Amino acid sequence: MVLAAGAATLFAAELVVMSAGALEAGVTQLAAQYRRDTGDVVRIEIGNAPQLTARLAAGDAADVLIAPAAVVDQAIADRRAAAASRTTVGRVGVAVVVRAGAATPDVSSADALRRELLAADAVIYNQGSSGTYIETLLAQLGIADRVEAKTVRVLNGEAVMERLAAARGSELAFLARSDAIRATGLQYAGPLPAPLQNFTTYDAVVMHAAREPVAASAFLRFITTAAARRTLRDAGVE
C-alpha cells in the first residue's frame with residue numbers, strides 16, 4: 001500500500017486551470033476532490049473575463065480554461081484551445097446584495113428594482129461578465145443617467161464584496177449569484193427578477209499548449225459528472 005501510494009505520487013500530474021471567478025467556490029471544491037481521487041494536483045488561477053482574455057492573448061500557459069463562452073470562443077478562434085474538448089460546465093445568474101444589517105431591498109419586479117436603485121446611496125458592480133450586463137440593465141430600466149454619478153465599478157466580485165462590507169449607508173450591489181450566496185458579512189437580497197435575469201454560460205476546454213493533456217481531459221470529464229454538477233449547483237452554478 002505504501003509503495004502504491006508512493007508510486008501514485010511520483011507520477012501525479014500537475015494541472016494549471018485558469019477559471020472565471022464566478023466558479024471559484026465550486027471549482028476549488030472539485031479540484032480538491034479530484035486530487036483526493038487521483039493524486040493529481042490542480043492549481044486554480046482565478047480571473048474575470050477581461051483578465052482571462054488578456055492572459056490568453058499574452059500566451060500564458062495553462063492546461064484547462066474555464067471561462068464565459070465568449071472567452072472560450074476567442075481562445076478556439078486563436079487556436080489556443082482544442083474545440084473538440086469543449087464542454088459546458090454551467091451557467092450563473094445575477095443577484096443583488098446589501099451590507100449586513102441594512103434593510104432588505106425589494107427586488108421582486110422591474111419596478112421595485114428601479115425604485116431601490118434610485119433610492120440607493122451607491123450602486124456597486126464589477127468589471128466581469130455580470131458587471132457588463134448591469135450597464136445594459138440600467139439603460140433598460142431607463143435610469144442609467146440618473147444613477148451614473150453614484151455607480152461604482154470595481155475589478156471583480158471580491159472587490160464588490162469588500163467595498164460593500166465597508167459601506168455604511170443604503171448601498172446596493174450586484175454579484176454573480178455564486179458569489180452572492182457565499183459572501184460573508186453581507187446580506188443576500190435575491191436574484192434579479194426573472195424578466196431581467198441574465199445568465200453567463202461557462203465552458204471548459206483543454207488548451208493546445210497543455211503540459212498534461214491527458215490529465216486535463218480527465219479533469220474535464222470529472223467536473224461534468226453528476227456528482228460534480230451537484231457540487232457546482234450548491235455553489236450557485238446551474
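Nothing in this text is a laboratory measurement; each read-out follows from the coordinates by a stated rule. Predicted model, so just to flag it, every value in this text is computed and none were measured. Here the Cβ positions follow ideal geometry from the backbone for every residue, glycine too, while neighbour counts run over all protein chains shown.
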**Message:** As an exercise, identify the trypsin sites (Lys or Arg not before Pro) in the stretch 49-95 lying in DSSP coil whose Cβ has no more than 16 other Cβ atoms within 10 Å.
**Reply:** R79
**Fill in**
Projecting the Cα atoms of A189, Q127, A176 onto the charge dipole of the stretch 94-196, where Lys and Arg contribute +1 and Asp and Glu -1 at Cβ, the residue farthest towards the positive end is A189
**Prompt:** In the Gaussian network model of the chain, springs joining C-alpha atoms below 10 Å, which of I143, I181, I44 carries the largest mean-square fluctuation?
**Reply:** I143
**D78/E45 FRET efficiency (R0 22 Å; Cβ-Cβ; nearest 0.05)** = 0.75
**Fill in**
Of G90, G21, G169, the most mobile residue in a GNM of the chain (C-alpha springs, cutoff 10 Å) is G169
**Asked** Taking the Cα-to-Cβ direction at T151 and at T224 and moving 7 Å from each Cα, how far apart do the two end points lie in nm?
**Response** 3.6
**Fill in**
Taking 0.36 nm per residue of separation between A119 and T88 and subtracting their Cα-Cα distance, the length gained on full extension comes to 7.3 nm
**Prompt:** Among T136, T87, T104, which one shows the biggest mean-square fluctuation in a GNM of the chain, springs joining Cα atoms closer than 10 Å?
**Reply:** T136
**Message:** How big is the dipole moment of the stretch 133-238 about its Cα centre under a simple scheme where the beta carbon of each Lys and Arg is +1, that of each Asp and Glu is -1, and everything else is neutral? Debye, nearest 20, please.
**Reply:** 240
**Asked** trypsin sites (Lys or Arg not before Pro), restricted to the stretch 146-197: which are DSSP loop and have at most 10 other Cβ atoms within 10 Å?
**Response** R168
**Prompt:** For the Cα atoms of the chain, what angle does the longest principal axis make with the long axis of helix 24-38, in degrees from 0 to 90, nearest 10?
**Reply:** 20
**Computed label-point distance, nm, for sites Q33 and A112 using a 7 Å Cα→Cβ extension** = 3.4
